[in-house]
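Here's the structure we're looking at; comments come further down.
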Amino acid sequence: GVEPVTRSGAKPGNLVAVAGELGLAAKGLRLLFERVPLGVAANQNPELASLWNEEPELLSAQLRPSPPIKQGLVAAKAGATAMLDVSDGLVMDAGRIARASGVAIDLDLAATGDLDSLTGGEDHALLACFPIGVKIPKGFRAIGRVQSGNGVLVDGVPFESAGGWDSFRN
């Protein structure tokens, strides 16, 4: 069997990687709020049909997510030291791994994308940490490193944001 991977096993030097897309669900939700009138049935809403044609990737990320569930087992077999689903926003969920592991996580903005990728939420992705020398499994891409310290940094700078979803705050 494969040992369970918790959020508390990240170690300085680990590579941080993600499986799944970041930020698309937030962009899709924003589009829906901006362009689709509330209170109109979806099947009677021409704006929604138009949006599906214009932005299928963004709307699918929000309305028909496809979480990379099988990648969790792949990451565990590859030697992941810590792992967590990214559903509340990358920075918020990376912060949960950082706190549980007693480390800092430094994310690379160029590898993650943009502010929506960092704080958007509802991403249906997996965040995992891998030891140096372990080949990152197919389906994952490197987006940062674990280091000594605490909290989440982006390009070496502490990141403070009200983004993401916190059930006690929201």
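The values are calculated or read from the model by the stated rules, or taken from the named source; none is laboratory data. Since this is a predicted model, take the numbers as computed values, not measurements. Every residue, glycine among them, receives a Cβ derived from its backbone with ideal geometry; neighbour counts consider all protein chains shown. Protein only, heavy atoms only, side chains kept; ligands, DNA and RNA dropped before computing areas. Shrake-Rupley method; radii C 1.70, N 1.55, O 1.52, S 1.80 Å.
Values computed for the structure shown
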| read-out | value |
| --- | --- |
| In nm, spacing of pseudo-spin labels at Phe33 and Ile132 (7 Å Cα→C-beta vector) | 4.3 |
| Solvent-accessible area, 1.4 Å probe, carbon plus sulfur percent, for the stretch 68-170 | 57 |
| The chain, accessible area per residue, ligands and nucleic acids excluded (1.4 Å, Å²) | 53 |
| Acute angle (nearest 10 degrees) that the helix 24-35 long axis makes with the longest principal axis of the chain, alpha-carbon atoms | 20 |
| Distance between modelled label sites at Glu47 and Arg141, nm, 7 Å Cα→Cβ extension | 3.2 |
| Whole-Å distance, taken between Cα centres, linking the stretch 1-70 and the stretch 119-148 | 17 |
| Dipole magnitude of the chain, debye to nearest 20 (Cβ charges: Lys/Arg +1, Asp/Glu -1, about Cα centre) | 700 |
| Tensor-based shape of the chain (alpha-carbon gyration tensor, a/c under 1.5 rounded, otherwise prolate or oblate) | prolate |
| Whole-percent carbon and sulfur share, accessible surface of the stretch 1-40, 1.4 Å | 59 |
| Asp114 accessible area, 1.4 Å probe, all protein chains in place, Å² to nearest 10 | 50 |
